[in-house]
1. When the distances between all Cα atoms of segment 141-269 are binned every 10 Å from zero, what whole-number percent does each bin get?
2. Any chance you could give the angle, 0 to 90 degrees and rounded to 10, that helix 46-61 forms with the longest Cα principal axis of the chain?
3. For the chain, what is the mean residue ellipticity at 222 nm derived from helices alone (per DSSP H run of n ≥ 4: -39500 (n - 2.57); sum divided by total residues; nearest 500 deg cm²/dmol)?
4. Counting only protein heavy atoms, what percent of the accessible surface of the chain is carbon or sulfur at a 1.4 Å probe?
5. Taking each pair of different alpha-carbon atoms in segment 85-196 once, compute 1/r for the pair, average those values, and report the inverse of that mean as the Kirkwood hydrodynamic radius in Å to one decimal.
6. Give the share of C-alpha pairs in each 10 angstrom bin for segment 1-132, from 0 to the last occupied bin, in whole percents, shortest bins first.
7. Please compute P(r) over all alpha-carbon pairs of segment 181-245, binned at 10 Å starting from zero, and give each bin as a whole-number percent.
8. Using a simple charge model, +1 on the beta-carbon of Lys and Arg, -1 on the beta-carbon of Asp and Glu, nothing else, what dipole does segment 76-189 show about its Cα centre, in debye to the nearest 20?
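The values are calculated or read from the model by the stated rules, or taken from the named source; none is laboratory data. Since we're looking at a predicted model, the values are computed, not measured. Cβ placement follows ideal geometry from the backbone for every residue including glycine, while neighbour counts extend to all protein chains displayed. The area values use the complete protein model at the heavy-atom level, side chains included, leaving out ligands, DNA and RNA. Shrake-Rupley method; radii C 1.70, N 1.55, O 1.52, S 1.80 Å.
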Amino acid sequence: MAISKRAEALVGKKSYGFEDLVEVMEILRSEDGCPWDREQDHHTIRDDLIEETYEVIEAIDTDNPELLREELGDVMLQVVFHSRIAEESGIFNIDDVANDICVKLIHRHPHVFGEISVENSAEVLSNWEKIKSDEKERKTVTQKLRSVPPQLPALMRATKVGKKASCFDFETTEAVMDKLAEEMVEVSEAIDSGVAEDIEEEIGDLLLTVTSLCRKTGVKAEDALNRATEKFINRFEKIENAVIDEGKDIKDLPMTELDAIWDKIKEKN
């Protein structure tokens with residue numbers, strides 16, 4: 001059927017399913033489709049997948065089911081988009097993607113699709129990691145550490161690496177606190193030296209140790225920093241509003257005066 005006829009048939013439908021999404025993308029990528037969609041490749045739409053994923057996270061964090069439905073659709077579009085690009089090159093198609101994930105899920109859930117018995121979720125996760133390592137032929141701990149994608153947010157990556165390297169970890173929370181104090185001294189010494197590379201290295205070590213503290217205390221580093229950032233924004237807003245009420249510009253005031261304003265706000269609350 002000609003592209004125009006296929007497009008016309010889609011426009012006339014009252015509701016759509018996954019197969020329709022696949023066809024829409026095929027039409028958009030066709031010679032008679034959309035110039036922009038035809039120009040894209042895996043690299044040009046790479047950041048779109050990242051952005052859409054974070055928008056899904058926003059919908060989850062704000063408990064917004066309508067937004068979640070919309071953003072999951074956008075992520076699904078990215079999956080179909082990448083699959084279509086690959087199919088045009090004869091590499092794989094969307095059915096291959098679906099097949100592979102089904103095979104993986106069945107294989108990694110032997111307690112459901114096999115004869116393995118588990119007592120709890122912890123055993124499920126343990127089996128999952130073992131099966132995954134066997135699949136990827138990761139025999140050493142280092143291989144498992146290198147399998148954590150460098151493209152992950154830095155705090156998330158550090159946390160995952162630390163968890164996988166549990167055989168080389170701090171024994172107690174107190175030990176992490178001691179290490180933090182040590183790292184702070186080294187940061188101070190690096191700053192005194194004025195060597196930019198040393199300052200970056202030591203601050204990196206400090207941040208890595210903080211993720212160890214988060215792991216030991218059961219805190220998600222990424223969530224903790226996001227909440228702290230949100231708290232800072234809310235605090236800043238209150239200070240700026242107080243400054244505006246006085247007919248001033250926050251950028252013109254010294255830090256001592258801003259601290260005094262914040263102290264007054266805290267007293268009122």
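1. 11, 27, 27, 23, 9, 2
2. The two axes meet at around 70 degrees.
3. -24000 deg cm²/dmol
4. On the way: 10710 of 19320 Å².
Result for the chain: 55 percent of the exposed heavy-atom area is carbon or sulfur.
5. Result for segment 85-196, one decimal place: 18.2 Å.
6. For segment 1-132, the binned pair fractions read 10, 28, 32, 21, 8, 1 percent.
7. Here the calculated profile for segment 181-245 is 20, 28, 30, 20, 2.
8. Here segment 76-189 has a charge dipole of around 320 debye.
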